[in-house]
1. Considering Glu141, Glu164, which residue is part of a helix (DSSP H, G or I) and either open to solvent by 100 Å² or more (accessible area, probe 1.4 Å) or among the aromatic types (Phe, Trp, Tyr) (or both)?
2. Hey, can you tell me all the residues within region 24-41 that are among the aliphatic types (A, V, I, L, M) and open to solvent by 100 Å² or more (accessible area, probe 1.4 Å)?
3. Checking the condition under 24 Å from Gly262 (Cα atoms), outside any loop (DSSP other than H, G, I, E, B), open to solvent by less than 50 Å² (accessible area, probe 1.4 Å) and aliphatic (A, V, I, L, M), which residue from Val202, Val229 passes?
4. Looking at region 29-41, is at least one residue in a helix (DSSP H, G or I), modelled with pLDDT under 90 and under 30 Å from Glu140 (Cα atoms)?
5. Being in contact (Cβ under 8 Å) with a residue 60 or more places away in the chain and surrounded by 15 or more Cβ atoms within 10 Å (Cβ to Cβ) narrows it down to one of Thr234, Thr276, so name that one.
6. Go through region 237-261 and report how many residues are more than 12 Å from Gly206 (Cβ to Cβ) and either open to solvent by 10 Å² or more (accessible area, probe 1.4 Å) or of a type outside the set (Gly, Ala, Ser) (or both).
7. Take region 63-90 and flag every residue that is over 22 Å from Ala28 (Cβ atoms) and in contact with a helix residue (DSSP H, G or I) (Cβ under 9 Å, 6 or more places away or on another chain).
8. Of Leu110, Leu99, which residue is outside any loop (DSSP other than H, G, I, E, B), at pLDDT 90 or above, open to solvent by 80 Å² or more (accessible area, probe 1.4 Å) and not small (Gly, Ala, Ser)?
Amino acid sequence: MKKIFSAVLGTAMMLGMVACNGGNSQSADPANDSLGMARGYMIGMQMAQQLAMANAQGMVMDTTMFLKGVKDGMGKSADSAQYAYLAGMLTGYQIGQSLNEDKIATGTFLKAFEAGIKGDTAFLKGWSQDDMQNYMQKAEEKLQAKKMEEKYGANKEKGLKFIEEFKKEAGVQTTATGLAYKVLTPAKEGAKKPQPQDRVKVEYKGTLIDGTEFDASNGEPVEFGVTQVIPGWTEMLLLMGEGEKVKVVIPYQLAYGEQGAGGDIEPFATLVFEVTLLQVIPGEQAN
């Protein structure tokens, strides 16, 4: 839903600029031809980048059709009624794409949309606007969760299978939360262990279960608070002592959960880390 509003806002801003600066070409000043040429070329280059980005994201943008739309729009730029129509058409196109993706009936949406844009409170049938807002928020969250499950749910099973295989290796230990790890280099006897309020210096490498590396310290110690990382990291650090190195497999619930992180870590992804705890910095010394 946020993407729709952002796209619609962008369209409205673009059309707003056209409307404010629009005019009849018959009143154009020949002295401004060089400016028109420069402005046209530079805006054209910028739009080419936008079209390329859209194509890269899977939205097919035909340059010829786009240019036809621009020319038609400029031809109607002096007609305020046409401006409202074009703004509505672009808005409808963007909303329609989202409705198709989310499998929402166009007729149902349009009836409610028209009531909303006209301020027809009778349509609410006893609901307050807050009621409607709260319902929509919960329904959107439920729909988003369903879409994530449909698209990425298989990562759960893959992660569980990986953890079960890892648990078969010698020396692997597990915790009540589902964390699985084995000690590669043990800490010395009496080594300092971190507490939740402490900071630590570590070296690490993070990979997906297929071995793809998504993050690493690359030999440079990294410092952070024990509780400033994903839950699986915090739990692992609290079990370690200075000088210890472990390999830990973190189930998605203790990693980035149902949302994932960036483009590398998908929703429901189980993660694998090799972590060396270099130093524990007591909380009272951290600042």
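1. Values: Glu164 fails: either open to solvent by 100 Å² or more (accessible area, probe 1.4 Å) or among the aromatic types (Phe, Trp, Tyr) (or both).
Just one listed residue meets the conditions, Glu141.
2. Quick first cut of region 24-41, residues among the aliphatic types (A, V, I, L, M) only: 28, 31, 35, 37-38.
Result: Met37, single match.
3. Working: Val229 fails: outside any loop (DSSP other than H, G, I, E, B).
Residue meeting the stated conditions: Val202.
4. No, region 29-41 contains no residue that is in a helix (DSSP H, G or I), modelled with pLDDT under 90 and under 30 Å from Glu140 (Cα atoms).
5. Values: Thr234 fails: in contact (Cβ under 8 Å) with a residue 60 or more places away in the chain.
Checking each option against the conditions leaves just Thr276.
6. Narrowing region 237-261 to residues more than 12 Å from Gly206 (Cβ to Cβ): 237-246, 251-254, 257-260.
Then keep just the ones that are either open to solvent by 10 Å² or more (accessible area, probe 1.4 Å) or of a type outside the set (Gly, Ala, Ser) (or both); that gives 237-240, 242-246, 251-254, 257-260.
Result for region 237-261: 17.
7. If the condition is that a residue be over 22 Å from Ala28 (Cβ atoms) and in contact with a helix residue (DSSP H, G or I) (Cβ under 9 Å, 6 or more places away or on another chain), then Thr63, Phe66, Ala87, Leu90 are the ones that fit.
8. Numbers: Leu99 fails: open to solvent by 80 Å² or more (accessible area, probe 1.4 Å).
Of the residues listed, the single one that is outside any loop (DSSP other than H, G, I, E, B), at pLDDT 90 or above, open to solvent by 80 Å² or more (accessible area, probe 1.4 Å) and not small (Gly, Ala, Ser) is Leu110.
The values are calculated or read from the model by the stated rules, or taken from the named source; none is laboratory data. Model, not experiment: these values are computed from the prediction. Don't worry about glycine lacking a Cβ; one is built from the backbone with ideal geometry, like all the others, and counts go over all protein chains shown. Heads up: the accessible areas ignore ligands, DNA and RNA and are worked out on the full protein's heavy atoms, side chains in. Shrake-Rupley method; radii C 1.70, N 1.55, O 1.52, S 1.80 Å.
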